[in-house]
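The block underneath contains the structure these notes are about, expressed in structure tokens.
The values are calculated or read from the model by the stated rules, or taken from the named source; none is laboratory data. Source: prediction; values computed, not measured. Because the Cβ atoms are built from the backbone with ideal geometry, glycine has one as well, and the counts that use them run over all protein chains shown.
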């Protein structure tokens, strides 16, 4: 993000919108993990101060810096005791894991409602608002950024690769014997994840970011 800002590929307004979207999305994501663990009976997240929507409780220093430098980062993982849950550890882990991506998807849908009513608020078409350099255009870009990066946080985290949420979700859905075999791949998770990020243009773009772009257009009204 810093490189794009310095080279003129991103305006200061777009950079601010991106930061707000990422901070907002990560905070909701991690808070939802903490809320799910608490709902399942584990007091650990509450004791560690994670049952809050204050960003400082959920942002991680190096993960935040990576967002600024490389466009990819992470929040502070929510810790929980799997044996304190009211269900078996794998099922409970899957429920806690799915809470994060699900919250980002719900948040994206809620913000979509606000985008859809902008033409009625400003008395202009969606195209005119999106093209505007005034407060209406700034608000539009901010809201669309929040939608987009929440969709990214949702679907990227659903990839079944450790330490992403999709790994724990699939682990909880598989039969015990298959889950034990799948568990072995945990040790290779970071290596696989790095490969996916390095090969992003050939794998992640058609599989992940392409569908996300199409879903975003569908949510906010296509081509206006």
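So is residue 153 within 11 Å of the chain's Cα centre (by Cα) and either surrounded by fewer than 21 Cβ atoms within 10 Å (Cβ to Cβ) or part of a helix (DSSP H, G or I) (or both) or not? Yes.
All of (1) at pLDDT below 95; (2) assigned to a helix (DSSP H, G or I); (3) under 16 Å from the mean Cα position of the chain (by Cα) hold for residue 99 with one exception: (1). Going through (1) buried (at least 18 other Cβ atoms within 10 Å of the Cβ); (2) in a helix (DSSP H, G or I); (3) within 17 Å of the chain's Cα centre (by Cα) one by one, residue 171 falls short only on (3). Scanning the range 175-196 for residues that are over 18 Å from residue 94 (Cβ atoms) and surrounded by 12 or more Cβ atoms within 10 Å (Cβ to Cβ) yields 188, 190, 192, 193, 195, 196.
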